[in-house]
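What follows is a short report on a single structure.
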Amino acid sequence: MGIETEFGVNATFRGTSRLSPEEVARYLFRKVVAWGRSSNVFLGNGSRLYLDVGSHPEYATAECTDLLDLLAQDKAGELIVQDLADDAETRLAEEGMDATVYVLKNNVDSRGNSYGSHENYLIRRDGRLDRVTDTLVPLLVTRQLISGAGRLHVVGERATYLVSQRADHMWEDLSSSTTRSRPIINTRDEPHADPERYRRLHVIVGDSTMSQSTTLMRVGTTDLVLRMLEAGRIMPDFELATPIPSIREISRDRTGRTPLPLKAGGTITALEMQRELLGMAKTYAQGSGLAQVWPYSYVLELWERTLDAIEGDQLHLVDTEIEWVMKKKLLDSYAAKHDLAPHDDRLQQLDLAWHDVHPTRGLMSILQRSGAAKILVDEAQIRHAMVTPPATRAKLRGDFIRAAQEHRRDFTCDWVHLKLNDVAQRTVVCKDPFASVDSRVDDLIEHIRSTGTTDPSHLVRGV
């Protein structure tokens, strides 16, 4: 599993100097280009960091097999990109510009442009893809009830609170494109692994979530359903007749009770579908032993508690764990305290500030310190994940990168390939994403150490 996150960037300037968000983003990556000679690099923790289309910094976690490892890697990405923002502020100050640079983990900017948080799940090649997608698309359409980030959508003086930031920007259920027509699931066959054994399921619909528990719900519930499907469980026919209109309707219906037309006839509500999927996931988890394993036990418990809270209109039951509920509580409280209209600019600013990844200024960090937001991985674990890869293929990549940087060796790598750019052009192809030990990589690293030049100063140039 892995998560790719595109961040929004902005800055406030004191004085007459001004830069566009695109120019600010380029300042962020000056530090990266200085040591990586590119704005597209892999890091020592196994992750990928690059400047994406539209000048969005993008961080792709290392591949993980453990949910909490993935959560720590995802949160590590926030701090890594914030570190770039801090460096950009310093560089701007050196050039006479007094600015505060903001990195925002959200999905919609002030112009209505959307950028995503994509999830990746490695599944087996055997079996028909449509058997997976026929169940997964309905799950993802209705999953926003338990994993949406929430958004105050304002048009003129009309304000609507949406469960999901991303729902209004999806245009197809399945497509090989990611930009021209944003699909719920991207079907481009790019496994970054042995293509005869594996397929990468690329989920584009998810919201960028600041809450640790909500991020866990995004990936944990999807992981459980995929495990059921790969185990051969027979699933009900949940295929929706109109998935794109349905995803928008659910985002506007916090009760989850809007009837959604099924392709086979009849209707089902988002709450009903989630209840069905939860029931099957619990049965599967009990039979496989996962129901007693943390954090799957917590995912199942919070899944059920969230549906109970929505159905009984008792959102306080999950107001420290489910992001759209947490944000709505904050906005409602602030509006009541200051007697604000729903479309007030101050509420829109508060909505935006929610997504600030700064470790002290960001609202999520403030809520965590006050006990108003659930913590599943602490700061020490997140700091560890900034420099340490999980025990997957990412460890091979991270070890190779650190050795090459330490000994000042020119190298290139991607998810599968590790290459030394010397006369021999030695390359190791790592097709197994589960393998954290490989004698070929050990030999390559030993070759680096025996022929390279150690330069300790080079180490501090990395992110």
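The values are calculated or read from the model by the stated rules, or taken from the named source; none is laboratory data. Here the structure is a predicted model, which means the values were calculated and not measured. Note: ideal-geometry Cβ built from the backbone for every residue, glycine included; neighbour counts use all protein chains shown. Please note that ligands, DNA and RNA were not included when accessible areas were found on the heavy atoms of the full protein model with its side chains. Shrake-Rupley method; radii C 1.70, N 1.55, O 1.52, S 1.80 Å.
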Environment charge of ASP339, counting only residues whose C-beta is closer than 14 Å and scoring Lys/Arg +1, Asp/Glu -1: 0
Hey, if you put +1 on the Cβ of every Lys and Arg and -1 on every Asp and Glu Cβ in the chain, which of ALA159, TYR334, LEU67 ends up farthest toward the positive end of that dipole? LEU67
Where both residues lie in the chain, what percent of DSSP beta bridges are antiparallel, nearest 5? 95
Alpha-carbon centroid distance for the pair region 180-233 / region 65-92, whole angstrom: 22
State in Å² the accessible area per residue of the chain; use a 1.4 Å probe, count heavy atoms of protein chains only, and round to the nearest integer. 42
Peptides 148-158, 69-79, 315-325 ordered by average Cβ neighbours within 10 Å, highest first: 69-79, 315-325, 148-158
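Before anything else, pin down the relative contact order of region 120-250: Cα pairs under 8 Å, at least 6 apart, normalised by residue count, whole percent.
Over region 120-250, the number comes to 35 percent.
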Candidate lysines - alpha carbon under 25 Å from LYS431, same-chain residues fewer than 8 apart omitted: LYS395, LYS419
For the chain, what is the mean residue ellipticity at 222 nm derived from helices alone (per DSSP H run of n ≥ 4: -39500 (n - 2.57); sum divided by total residues; nearest 500 deg cm²/dmol)? -13000 deg cm²/dmol
Pairs over 30 Å Cα to Cα, from LYS105/LYS263; LYS75/LYS282; LYS282/LYS337; LYS75/LYS329, come to LYS105/LYS263; LYS282/LYS337
Show me the ranking of peptides 369-378, 330-339 by mean Cβ neighbours inside 10 Å, starting with the highest. 369-378, 330-339
HIS343 versus LEU317: modelled label distance in nm, points set 7 Å from Cα along the beta carbon direction: 3.5
